[in-house]
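A short write-up of the structure that comes next.
What follows is calculated from the coordinates using simple rules that are stated; it is not laboratory data. Just so you know, these numbers come straight off a predicted model, no measurement behind them. Counting neighbours? That spans all protein chains shown, and the Cβs are built from the backbone with ideal geometry, glycine included.
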């Protein structure tokens with residue numbers, strides 16, 4: 001296989017504009033009129049198409065060169081803007097170098113188609129591979145131009161009504177037989193004996209019954225899309241019923257454990273509260289006793305001062321006798337006067353002894369109070385910690401678990417509805433297949449394009465479409481199918497034509513990705529790359545599209561995230577005005593700024609609007 005390493009545009013006198021590309025996902029973004037759409041035209045020009053925009057005189061484009069990596073070797077394809085001739089150079093094994101041309105070519109100058117098919121692993125050195133052109137049995141040669149529109153999708157076609165399997169800009173009701181036959185050959189290398197004459201039939205009854213059945217199923221799908229989730233909150237949770245139920249069981253266990261811890265904490269807080277009450281009672285008793293001790297101490301100190309004052313006064317006197325008793329103020333004899341002084345001294349000594357005992361008691365009481373206060377502070381600290389744990393940890397955790405339980409219960413209800421929806425969709429599709437299988441087409445038909453679609457394209461396309469659309473968060477998604485008559489996607493029972501331009505571009509991109517993945521699954525001749533110009537129609541959606549319905553931000557981000565995750569294994573080139581805010585990982589990001597002071601102004605160096 002191969003991929004484009006870069007595209008070079010020659011303009012002006014000697015100007016060469018180089019667009020570097022990588023093997024995986026490339027996103028080219030920026031404002032309009034910076035040359036993003038010209039990238040698609042440059043590639044088509046190298047694939048043998050015309051280049052009406054590149055030929056505009058104002059651009060001054062002289063030639064386009066594509067530099068390819070072919071299994072590690074470099075191959076260069078050069079084409080002048082007004083020429084049908086391609087110059088191919090390089091050293092790739094088994095690749096003819098030199099001149100090629102558009103159209104049928106000649107032995108001397110073979111068609112460029114042979115080169116591109118050879119690079120896809122299709123050898124056309126001998127006779128050309130024949131495929132069916134129409135269902136009436138006519139055949140044509142397989143060329144890249146019969147299917148280039150399936151992987152090279154410009155902005156006009158991406159937002160159009162037509163299927164990307166159909167070429168051209170206008171709408172066509174016919175099945176593109178040549179394109180289907182080409183894709184069938186890429187997937188299986190079966191050309192259904194296209195070189196032999198066959199007879200086709202018009203199976204009107206078969207078609208009428210199939211159309212009627214399909215309408216019934218589509219209406220059922222549409223009704224299911226409108227009603228299945230109408231009363232359910234969209235939680236954004238895409239897990240299965242079993243996964244959500246497992247989480248609900250874990251939450252219930254967590255709630256039981258947390259509520260147990262909460263109850264234990266409350267009980268411990270209450271017990272600490274009782275201990276605090278007891279400690280406060282003891283402290284109050286000690287305080288009363290301390291007050292009594294203080295009063296007694298004050299009384300003792302007062303008595304000592306009075307007695308000491310009397311005794312000292314008598315000692316300081318000129319040894320005269322005391323006339324009156326200091327206690328009763330009665331008249332004293334000389335002997336009684338001496339006895340009162342002795343009594344006062346003795347009383348002071350007695351009170352001092354009591355004060356020593358009182359001081360010891362007060363000291364013990366103080367220690368007990370200190371111990372009780374320390375105990376009280378410890379109990380308060382423990383209780384405060386428990387109450388903080390209850391307030392800041394356990395209660396919020398219980399509340400959080402309850403909220404999660406409510407959310408998961410809603411998600412579980414939606415997941416069960418989703419499983420039921422998928423089961424109904426599967427049954428509807430199975431019944432459709434059963435009805436189609438019951439009807440048979442006459443055995444003399446050797447090439448029935450609808451049968452070919454059903455054989456190699458329909459089932460894998462539907463699988464990939466459902467995966468892409470569901471992963472991209474398509475709004476109210478119920479189910480998608482690939483309709484063989486329109487060769488297009490039908491979502492939720494509604495055709496793409498019933499959608500606005502933004503949704504059409506989104507769905508056409510999904511079809512292009514699904515087609516790439518379908519052919520990847522056959523692992524024979526893969527499409528070389530995918531180019532899509534404006535899949536989310538950013539600029540055009542500044543106003544409502546023609547159906548009054550805009551793409552959601554979730555859908556835009558979902559589609560780009562899908563491409564980031566799944567389009568790195570093959571070259572994909574996306575052009576868009578503005579892109580969702582995502583982690584683009586290893587994506588090759590090219591930003592056209594339309595600003596001289598920063599980044600790349602646009603694709604063509606010298607061109608300014």
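Side notes on the structure shown:
- Listed peptides 356-362, 560-566 by packing density, highest first (mean Cβ within 10 Å): 560-566, 356-362
- From least to most packed, judged by other beta carbons within 10 angstrom and beginning with the fewest, 172, 37 follow the order 172, 37.
- The order of 342, 14, going from fewest to most other C-beta atoms within 10 Å of their C-beta, is 14, 342.
- Global geometry of segment 3-44, whether rounded, prolate or oblate, following the gyration tensor of its Cα atoms and the 1.5 cut on a/c: oblate
- Applying 0.36 nm per residue to the separation of residue 58 and residue 275 and subtracting their alpha-carbon distance, the gain on full extension is 68.8 nm.
- Projected-area average for segment 46-152 over all orientations - Cα convex hull basis, square nanometres: 8.0 nm²
- Put in line by how crowded their Cβ is, counting other Cβ atoms within 10 Å and starting with the fewest, 524, 507, 115, 262 read 524, 262, 115, 507.
- Length-normalised contact order of segment 63-127 in % [C-alpha pairs under 8 Å, at least 6 apart]: 19 percent
- Anisotropy class of segment 10-83 from Cα gyration tensor, a/c 1.5 cut: oblate
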